[in-house]
Amino acid sequence: MFATSTPTAVRVRAAVPTDVDAVRTLMYRVLAEDLGYGFRPEWHADVADPATAYLHTPGQALFVAEDGDGTLLGTTAVKAGGPRSPQVLVDLYAGRSVAQLARVWVLAEHRRRGAARALVVAAARWAVTDGGWSTVCLHTDTAVAGAEAFWRSMPVREVLDERHAGAELQTVHFELDVEALGGPA
């Protein structure tokens, strides 16, 4: 007879001030280990100060995934407004009620347990209900193992593919169909 075990259930909740230090540590780790370029102040002001960015800014939110023991597995955030670049996306989202999913990051040792999917569902639902946004967009670096496959397994529509051979970042932009996730119409 073989022993079997099931992973502890993943719980997603809105972050609170006591989560900030652990969240920041997780984010710095993902930047170094998964993305490979580490913290860059010009890109990651929200990572340096997640409390100000997400807990104290209306229309923005931060979510954490944890297991039954309270171990932090991953994060995601909702940022108000559309992308600031490239210009084609700035123009596309101008005048629209839009938020971005950001920092959808799960530590490597906790992947394949449904944490990222649960984070996306919770954050997207919040964005269109509590946040009041009608469109949810995101971008991913397809150079990160599993990132593109994950997003293409979700109800998304590709908006712009910015991949270029040899570029440091291999970015693809998507819009998320929140209704297909079971969110509000």
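Some points to look at:
- For the chain, leaving out every one of the GluC sites (Glu not before Pro) that falls in a DSSP loop and has at most 11 other Cβ atoms within 10 Å, the longest unbroken run is 43-167.
- Distance from the C-alpha centroid of region 91-105 to that of region 46-65: 15 Å, rounded to the whole angstrom.
- At R0 = 22 Å, FRET efficiency that the Cβ-Cβ distance of residue 97 and residue 52 yields, to 0.05: 0.45
- For region 11-181, the Cβ-based charge dipole about the Cα centre amounts to some 240 debye (Lys, Arg positive; Asp, Glu negative; other atoms uncharged).
- Ranked by the mean number of other Cβ atoms within 10 Å of their residues, highest first, the peptides 51-61, 85-95 fall in the order 51-61, 85-95.
- In a fully extended conformation the segment linking residue 25 and residue 149 would gain 42.1 nm over its present Cα-Cα distance, using 0.36 nm per residue.
- Inverse mean reciprocal Cα-Cα distance (Kirkwood Rh) of region 11-181, Å: 16.2
- Degrees separating the helix 20-33 axis from the principal Cα axis of the chain, which is the longest one: 80
- 0 to 90° range, to nearest 10: angle between helix 115-128 axis and the chain longest Cα axis: 40
- Over the residues of the chain, the helix contribution to mean residue ellipticity at 222 nm works out to -7000 deg cm²/dmol, using -39500 (n - 2.57) for each DSSP H run of at least 4.
- Stretch in the chain that is longest and holds no trypsin sites (Lys or Arg not before Pro) that DSSP places in a loop and that have at most 12 other beta carbons within 10 Å: 1-83
No lab work stands behind these numbers, since they all come straight from the coordinates. Here the structure is a predicted model, which is why all the values come from computation and not from measurement. Because the Cβ atoms are built from the backbone with ideal geometry, glycine has one as well, and the counts that use them run over all protein chains shown.
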